[in-house]
Amino acid sequence: MRTAFRALAGGAAAVVTAPHLLVMVALVTLLTAAPFGAFLGARLQTALAGQPLKPELSSEIDPEWWLEYRTHATGFEATFVPAIVGFAGPLSNLSAVLDGTPQPLVLLVPAAIAAATWALLWGGLLTRFAQRRRLGAAAFLAACRRHWLTFVQIAVLAAVGQAILYLTIHRLLFGVIFNAYAAGDVSEVSALVVRVLLYAVFGSCIAAISLIGDYARVLAVTRDERRVMSLVSDAWRLVRTQWRPVVIVFAVAGLLFVALLALYGAAETLSGSRLGGWRAIAVGQGYILGRLAIRLVAAASEVRLVQG
Amino acid sequence: MYYTRTVPLRRMTSALVLAAYVTGVGAVTQAGRDRDWPEPLRAMATSAVRHLEQFTTTSEPPVDVTISASRPSRQIEQLVATTRAALALFDDWLGPFPLPSLTVVEVPWNSPWIGASYPGVVTTRTRRLAPERDVSAERILIGALARQYWTTAGRSADPSFQEGLVLYTGTRGIHELLGGRNSLTVSALGGFVSHPIRAIQLSPNLSQALPRLRHLDEVDLPETAPWRASTSAAGGDAERAALALHTLERVVGWPALQSALESLRRQAERPLSTDGLATILNEQRGADLRWFFSAVLAPDARFDYAVEQVASERVNGDGGMYRTVVTLGRRGNGIFAAAAGAGAAPALPVTTTFEDGTVITDYWDGRDQTFELRYTSRTRAVSAILDPSLMLLVDVDRSNNSYRAVVPIETVGTRLALHWLIWLQDLMLSGTALT
């Protein structure tokens, strides 16, 4: 346990002492999503311009217009649903992961771009965390390029593994077991407890694959190795043999994420209309920044764990 | 365990009801009418372990109401208030409640009877983790109460039109009763967690001329249910009938439509059908609206009017004037126009705005496949809008009903795009976290 908390402390220190890394990943995240946002924004403005009647308040959302818009929306525009507003966005994303909700195929495009981008970023970030010293831009980019192809392959393997889990374990747990249980004369509370337990079981499965991917990347950087299957098997061995500190680091990162989510939800729920408008957008972007910070701390902690 | 509020004894005219009051079961039976209820509902309503709330309305005649719930809670108190308000509203719109008593049953979270409505009994469902601003249970209740007013005992009826009346009345009742606090609710984590989005009000300021949201899941779903007169599936006859009523409201106005609906309900000798309603509107307004129903409810009718093109060209040698041609099109096979001799029909207004601020409104009867409006003006046209008051809700694509030379940047559009951008970033982070 001390190993794990020492790794966490080191990881947090590595991120706090290098705030430019957080700024950089935040900018990259925003810039990879921005073209899609610009496209949708232009389409929305055109659609709104066609509204002959508008709400009295310029900031008010007309739900009837939105329903009409969704009726004819295709592609990315079809993903513009009310559940993207404010805290409902992260909540619905989390629900989609846990409930295995199918997503529109068009979202594979930004997902693939994000995967490729992070495969590039991890090379530089993990090298920075491993060397524990500032890297110049040239060295950072060189590290990114050196490991990019390996990390893309790891991401593809992990994606295939996750897909298999959703098609098998998830369907069994929620499509068969939970549905059979919930169809009976059971109270809502007991059904919720059972569902949470099933979330924990499935969450452990997808977390295992995610962790193997994480440690495969860390090993690739610390050993400067590129053989993907060797990295994956070594990562699996590491997770299996060092499972206590691995799980603790993961659990702390997970708890931080849950706390961040709860804070966001509480802020929106309790502040009501005071969190409307531009402030809601600022808070939402702040939530993204928080997620990125947790991700960097977790990664830096994993590097410390392997090096320790 | 029972909790029963005191009900004035003078209201208890039936010995059966009196006995029920004494034993605490409540007024859940009314002269044997509960025999029409499905067995599971009757069992739930009369179960010995239910929490009961009872009151009598102040309407004339009064109605004895019993709320049968699994346990006392803030949500049940709200349902009591909503039931009172809904009965008062529907009585005002449609005339007295048809029965001397009503039972509202709170059904379990996974019950197939959510939103059920049989003579004298309606159901709703509350969720344990629902926050105070989640009014889903009230929406379900109001939708079910609306059905009570359109029973057809001993009366001929068109099932689709009857269901359309319920959908229309229920939706309208929800907007009227929950205006200002009817937040859209997002369900997550298997439906166990709900999050009302305060920024999206399903029933915004009702004094605005905007059309109201016509589809609410709590009214429309489940599409097929034993208590429905007809399926409420999208594109089905009942949904078309409801849409026709929403459009009719914008054509003749709510006071005229409300008066006609009340008369239709009271006049049991008239069929509960479009002919019955059209006849009443004819009598009340002196204008035959049968063309409206035959046009709008024709099985294969598809209404799609559009602004096809707006062209403003400077006319050479004409002192710098512009010639503007606004081309309108009828893309669908539906014609929103009265038949010959059927009386005055509301023509489709077209509003053209010019650069110098001039606004011209012309009218099109909507019959021809294309129609052109020609103007000569000092400035070019900047916009053309067909049906600016959004009367024609049956138009399947209202996005092609307008033209603007310049697309203005709307604040709400920018904010919504930024919300979507944050959601997408979160989605991308979640995806990369798994890999």
For this session: Give me a single rounded figure for A:288-296: the average over its residues of other chain Cβ atoms within 10 Å of their Cβ.
Result: 2
Exercise. What's the average, rounded to a whole number, of partner chain beta-carbon atoms within 10 Å of each residue's beta-carbon in A:76-84?
Worked result: 5
For this session: Write down the accessible area per residue of the range B:182-271 in Å², having rolled a 1.4 Å probe over the full set of protein chains.
Result: 38
For this session: Take the alpha-carbon positions of the protein assembly as shown, form their convex hull, and give its projected area averaged over all directions (one quarter of the hull surface) in nm².
Result: 39.1
Exercise. How far, in degrees from 0 to 90, does helix B:274-285 lean away from the longest principal axis of the Cα atoms of chain B, to the nearest 10?
Worked result: 70
For this session: Would you mind working out the magnitude of the charge dipole of chain A relative to its Cα centre, with +1 at each Lys and Arg C-beta and -1 at each Asp and Glu C-beta, to the nearest 20 Debye?
Result: 1700
Exercise. By how many degrees, 0 to 90 and rounded to 10, does the Cα axis of helix B:74-94 deviate from the longest principal axis of chain B?
Worked result: 60
For this session: Among the GluC sites (Glu not before Pro) in the range B:220-301, which ones are in a DSSP loop with at most 14 other Cβ atoms within 10 Å of the Cβ? Mind listing them?
Result: B:Glu223, B:Glu269
Exercise. Are there any helices in chain A, counted as whole DSSP H runs, that stretch 30 Å or more along their axis by Cα and score at least 0.5 on average by Kyte-Doolittle, and if so which?
Worked result: A:19-49, A:108-131, A:137-165, A:188-223, A:243-271, A:277-307
For this session: Output ³J(HN,Hα) for the range B:253-260: one whole-Hz value per residue in order, computed from phi by the Karplus curve 6.51 cos²θ - 1.76 cosθ + 1.60 with θ = phi - 60°, and x for Gly and Pro.
Result: x, 5, x, 5, 5, 4, 4, 5
Seminar exercise, completed: Computed over all unlike Cα pairs, the Kirkwood hydrodynamic radius of the range A:201-308 in Å stands at 15.6
Exercise. When the accessible area of each residue in the range B:195-234 is compared between its chain alone and the complete protein assembly (1.4 Å probe; ligands, DNA and RNA ignored), which residues differ by at least 50 Å², being lower in the assembly?
Worked result: B:His195, B:Arg198, B:Ile200, B:Gln208, B:Leu210, B:Leu213
Seminar exercise, completed: Distance in nm between A:Trp236 and B:Glu355 label points, each 7 Å along Cα→Cβ, equals 7.1
Problem set entry | Cα-based helix-to-principal-axis angle, B:237-252 vs chain B, degrees rounded to 10 | 60
Exercise. Taking springs between alpha-carbon atoms closer than 10 angstrom, which of A:Val252, A:Val193, A:Val16 fluctuates most in the Gaussian network model of chain A?
Worked result: A:Val193
Problem set entry | Vicinal HN-Hα couplings computed from phi for the range B:395-404 (Karplus, 6.51 cos²θ - 1.76 cosθ + 1.60; Hz; Gly/Pro x) | 4, 6, 9, 7, 6, 9, 8, 8, 9, 9
Exercise. Once the mean 1/r over all distinct Cα pairs of the range A:58-116 is inverted, what Kirkwood radius in angstroms do you read off?
Worked result: 13.1
Exercise. Hey, what's the range B:287-435 come to in accessible area per residue, 1.4 Å probe, Å²?
Worked result: 43
Exercise. Check B:Val121: other-chain or 5+ apart residues with amide H under 5 Å from its amide H, H built from backbone geometry?
Worked result: B:Thr103
Exercise. At a Förster distance of 51 Å, what's the computed FRET efficiency of A:Val194 paired with A:Leu30, Cβ-Cβ distance as r, to 0.05?
Worked result: 0.85
Seminar exercise, completed: P(r) of the range A:87-177 over all Cα-Cα pairs, 10 Å bins starting at 0, rounded to whole percent, reads 15, 32, 28, 20, 5, 0
Exercise. Which cross-chain or sequence-distant (5 or more) residues have an amide H under 5 Å from the amide H of B:Val382, H modelled 1.01 Å from N in plane?
Worked result: B:Thr353, B:Phe354, B:Glu355
Problem set entry | Positive-end residue of A:Gly290, A:Gly86, A:Leu149, charge dipole of chain A with Cβ unit charges | A:Leu149
Exercise. Which number comes out as Rg/Rh for chain B once both Rg and the Kirkwood Rh are worked out on C-alpha atoms?
Worked result: 1.05
Problem set entry | Debye log10 I(q)/I(0) at q = 0.21 Å⁻¹ for the range B:101-148, Cα point scatterers | -0.66
Seminar exercise, completed: Comparing A:Ser187, A:Ser210, A:Ser230 in a Gaussian network model of chain A (Cα, 10 Å), the one with the largest mean-square fluctuation is A:Ser187
Exercise. Chains B and A: what accessible area do they bury, summed, in square angstrom to the nearest 100, with a 1.4 Å probe?
Worked result: 7300
For this session: Could you grab the Rg to Rh ratio for the range B:320-435? Cα atoms only, Kirkwood for Rh.
Result: 1.18
Problem set entry | Among A:Leu149, A:Leu296, A:Leu53, residue whose mean-square fluctuation peaks in a GNM of chain A (springs only between Cα atoms under 10 Å) | A:Leu53
Exercise. A:Leu8: net charge of surrounding residues, Cβ under 11 Å, Lys/Arg +1, Asp/Glu -1, itself excluded?
Worked result: +2
For this session: Report P(r) for the range B:154-206: all Cα-Cα distances, bin width 5 Å, range 0 to the bin holding the largest distance, values in whole percent.
Result: 4, 18, 16, 16, 15, 13, 9, 5, 3, 0
Exercise. Probe 1.4 Å, all protein chains in place: accessible area of A:Trp148 in Å², nearest 10?
Worked result: 100
Problem set entry | Estimated inter-spin distance, B:Asn282 and B:Ser59, nm [label 7 Å along Cα→Cβ] | 3.1
Problem set entry | the protein assembly as shown - percent of accessible surface contributed by carbon and sulfur, probe 1.4 Å | 60
Problem set entry | For chain A, Kirkwood radius (reciprocal of mean inverse C-alpha pair distance, Å) | 21.7
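The values are calculated or read from the model by the stated rules, or taken from the named source; none is laboratory data. Only a predicted model underlies this, so the values are computations on that prediction, with no experimental measurement involved. FYI the Cβ positions are ideal-geometry reconstructions off the backbone, even for glycines, and counts take in every protein chain you see. The protein model used for the area step is the full one, side chains on, heavy atoms only, and it has no ligands, DNA or RNA in it. Shrake-Rupley method; radii C 1.70, N 1.55, O 1.52, S 1.80 Å.
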